[in-house]
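The values are calculated or read from the model by the stated rules, or taken from the named source; none is laboratory data. Values in this document were obtained by computation on a predicted structure and should not be read as measured data. Note: ideal-geometry Cβ built from the backbone for every residue, glycine included; neighbour counts use all protein chains shown. Each accessible area value is taken on the protein alone, full model and side chains, heavy atoms only, with ligands, DNA and RNA left out. Shrake-Rupley method; radii C 1.70, N 1.55, O 1.52, S 1.80 Å.
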Amino acid sequence: MTVHDVLEKALEDFLRADEDIRNLLYNHKELLWKPAPDKWSAAQCIEHIMVSNTRYFDSLENKLAVPEGKEKNKQPYRPTFWGNLLYKAVDPDRMKSHKSKAPKIFNPQPVVEIPTLIARFEKSQQMLHGYMQKTMETDATKKIKSPVSWFITYSLADTMAILSKHEIRHFLQAKNVLALRG
């Protein structure tokens, strides 16, 4: 699997998650219902996706300002240590066996208004989609710093894979919350 293959898969996962989340936002009335006071509503799950994604936007903007080195994306993909660790942490296939608490900087707003959430979601997704496209036109092995800690770094390819899987994970979480409501 090449770096380009990882980017293609991340984009495919992102587009699928984007469509699923839009369907959820536009077709469900109970988005604000919480299964317990200390649990997130479906709307907060979506808010968390946006909060997390936007924490990456400045770093992505800086790394993607000068598209160069796209030929490096033909080489075999080797995830970084941190990239691999985070990918596993957000992998939706591991949701039931590996629960994790979001770092505080990624927490959703305590109160979410649906029209505002939808507008912010649309803008955030449009920006992330643009960054994914730009990543394919540059050296995706370039490193960025994690928004959580300065010493955690991973590649642009890792970042795109992590963000797309993260969206799927929290879409499924939101869907599960709605299923509890009945």
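By how many degrees, between 0 and 90 and to the nearest 10, does the Cα long axis of helix 3-27 differ from the longest principal axis of the chain?
The helix 3-27 is inclined about 20 degrees to the chain.
Rounding to the nearest 10 and keeping the result within 0 to 90°, find how far the Cα-based axis of helix 42-63 lies from the longest principal axis of the chain.
The answer is roughly 20 degrees.
Round to a whole number: what % of the accessible area of the range 1-145 belongs to carbon and sulfur, probe 1.4 Å?
Working: 4640 of 8690 Å².
Within the range 1-145, the accessible surface is 53 percent carbon and sulfur.
In Å and from the alpha-carbon atoms only, list the Rg and Dmax of the range 67-107.
Using the Cα atoms of the range 67-107, the pair Rg, Dmax is 14.7, 40 Å.
Over the range 134-182, what relative contact order in percent results from Cα pairs under 8 Å that are six or more residues apart?
Relative contact order for the range 134-182 comes out at 25 percent.
Which of the lysines could a cross-linker bridge to LYS145, judged by Cα under 16 Å and excluding same-chain residues fewer than eight apart?
LYS63
Reachable lysines from LYS29, Cα under 16 Å, same-chain residues fewer than 8 places away excluded?
Cross-link targets: LYS175.
Within 10 Å, count the other beta carbons around each residue, average over each peptide in 154-161, 83-90, and list them highest first.
In decreasing order of mean packing, 154-161, 83-90 become 154-161, 83-90.
Under a Cβ-Cβ cut-off of 13 Å, what is the net charge of the residues other than THR153 that fall near it, where Lys and Arg count +1 and Asp and Glu count -1?
+3
At 1.4 Å probe size, with every protein chain present, just tell me what the per residue accessible area of the chain comes to in Å².
Per-residue accessible area for the chain comes out at 56 Å².
Between ASN27 and ARG181, what length in nm is gained on full extension when 0.36 nm per residue of separation is reduced by their alpha carbon distance?
Extra length from ASN27 to ARG181 when fully extended: 54.0 nm.
With Cβ to Cβ distances under 11 Å as the rule, what net charge do the other residues near PHE121 carry (K, R +1; D, E -1)?
-1
What length, rounded to one decimal in nm, is gained on full extension from ARG16 through to PHE81, with 0.36 nm per residue of separation minus their alpha-carbon distance?
20.7 nm
Residue by residue, what Karplus-based ³J(HN,Hα) values in Hz, rounded to whole numbers, does the range 151-162 have, using 6.51, -1.76 and 1.60 with θ = phi - 60° and x for Gly and Pro?
Result, rounded to whole Hz: 8, 8, 10, 7, 6, 4, 4, 4, 4, 5, 5, 5.
Return one number: the angle in degrees, 0 to 90 and rounded to the nearest 10, between the long axis of the Cα atoms of helix 81-90 and the longest principal axis of the Cα atoms of the chain.
The answer is roughly 20 degrees.
For the range 68-175, go through all pairs of different Cα atoms, get the mean of 1/r, take its inverse, and jot down that Kirkwood value in Å.
For the range 68-175, inverting the mean 1/r across all distinct Cα pairs yields 15.5 Å.
Could you give the radius of gyration (one decimal) and Dmax (whole number) of the Cα atoms in the chain, in Å?
When restricted to Cα atoms, the chain yields Rg and Dmax of 16.3, 50 Å.
Take the alpha-carbon centre of the range 95-120, take the same for the range 131-147, and report the distance between them in whole Å.
Between the Cα centre of the range 95-120 and that of the range 131-147, the gap is 24 Å.
To the nearest 500 deg cm²/dmol, what mean residue ellipticity at 222 nm is calculated for the chain from DSSP H runs of n ≥ 4 alone, each contributing -39,500 (n - 2.57), summed and divided by the residues?
Taken over the chain, the calculation gives -20000 deg cm²/dmol.
Relative contact order for the range 1-160: what is it in percent, counting Cα pairs under 8 Å that are at least 6 residues apart?
That works out to 38 percent.
What FRET efficiency, computed as 1/(1 + (r/R0)^6) with R0 = 30 Å and r the Cβ-Cβ distance, is obtained for GLU8 and ASN107, rounded to the nearest 0.05? Walk me through the numbers on the way to the answer.
Details: r = 31 Å, r/R0 = 1.05.
Efficiency computed from Cβ-Cβ geometry: 0.45.
Between THR116 and THR153, what is 0.36 nm times their sequence separation minus the Cα-Cα distance? Round to one decimal in nm.
10.1 nm
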